[in-house]
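Structure, as structure tokens:
Readers should treat all values here as calculations from the given coordinates under stated rules, not as data from a laboratory. Please read these numbers as outputs of a predicted model, since none were measured by experiment. With ideal geometry, Cβ positions are generated from the backbone for all residues, glycine too; neighbour counts draw on all protein chains shown.
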Amino acid sequence: MRVPYFPLVVLAGVLCLSRSYTLRSSVSWVVSSNDVVEEADLSEEEVAPALLVDGAGLWKQAYPASNVLGDGVESPRELAEPETDNVAQLSSSRLFSYRLEKMQQAGSSSGPPPHQETARTARYIAHNSDWGHLATISTQDKIKGLPFGNIFSVSDGPGDNSTGVVYFYVTPMDNTVSDLRSNPFASLTFSEAEGEFCRQMVYDPEDPRCARLTLTGKMVDVAPEELVFAKEAMFSRHPVMAKWPVGHNWFFMKMELIQVWLQDWVGGISLIPLEDYFKATPF
């Protein structure tokens, strides 16, 4: 019986040609070694958050293996295949816009105070929160007289100087500012979920152990003699604000407190006297 040489020759030819192709997402195209280098080079601009540098590592940090995985079970980092040198280099130098050292510095502050120290906990949250949810009574036509919430960047002082007084940098073009001109009273809510503590402890944002602070008071324009400090407080924490368009007529406001409401543990909430709140320190 004759051996069918022709099919073997065709198969060998196909295999030889395939060495010039690479398979990606089920689509093949010709690449050369130079093309691979250029593709790996990507762009000089880093374009994705540093939190994605190591997806398995981030998961492990946010949800510790000892809390989530049973004894003897490999963590996501151990289960993941090791990266090649090329992929590791891409991950560390090409794809991420936030520097790791800055992330580490930002997260280097000490943890929250013991929950029994309610006034100090309130000051800790107010000082370490870069933004909060401000609720006003709306003046918008369709929801006039109803609650309206909005997110604002805030600061109670530079990183090393907490006052307990929350400052805002706002524009008259904002609906919330229009509301405040009609009714200056508002509530500002912070959540400890903004930082790393609740994720590290695997607390849901609604878990009472993940502290919530609501400051209620009257929103007023910052007086001229206080503008220098208000500017330092806001721009030191939010430097991009200094470059916001002047045509929007930005100005500084602050909240004159009426009530400090805190839930930082199971068993109910705490209404903290203003005197205790201002006497406490977040450090």
On average, how much area does the Cα convex hull of the stretch 118-279 cover when viewed from any direction, in nm²?
10.4
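Determine, from the Cβ-Cβ distance of residue 249 and residue 143 and an R0 of 22 Å, the FRET efficiency 1/(1 + (r/R0)^6), rounded to the nearest 0.05.
Rounded to the nearest 0.05, the efficiency is 0.35.
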Need one number: nm distance between label points at residue 281 and residue 178, each 7 Å from Cα along Cα→Cβ, rounded to one decimal.
4.5
Give the residue from 265, 159, 182 lying farthest towards the positive end of the charge dipole for the stretch 118-279; charges sit on Cβ (+1 for Lys and Arg, -1 for Asp and Glu) and the dipole is referred to the Cα centre.
182
Cα-Cα longer than 30 Å, checked against 144/231; 142/254; 142/243; 144/279, kept in input order, equals 144/231; 142/243; 144/279
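Do any trypsin sites (Lys or Arg not before Pro) in the stretch 131-239 lie in a loop, going by DSSP, with at most 16 other beta-carbon atoms within 10 Å of their beta carbon, and if so which? Don't skip to the answer; put the middle values down first.
Details: sites: 142, 144, 181, 199, 209, 212, 218, 231, 237; in loops: 144, 209.
Those that pass, being in a loop and sparsely packed, are 144, 209.
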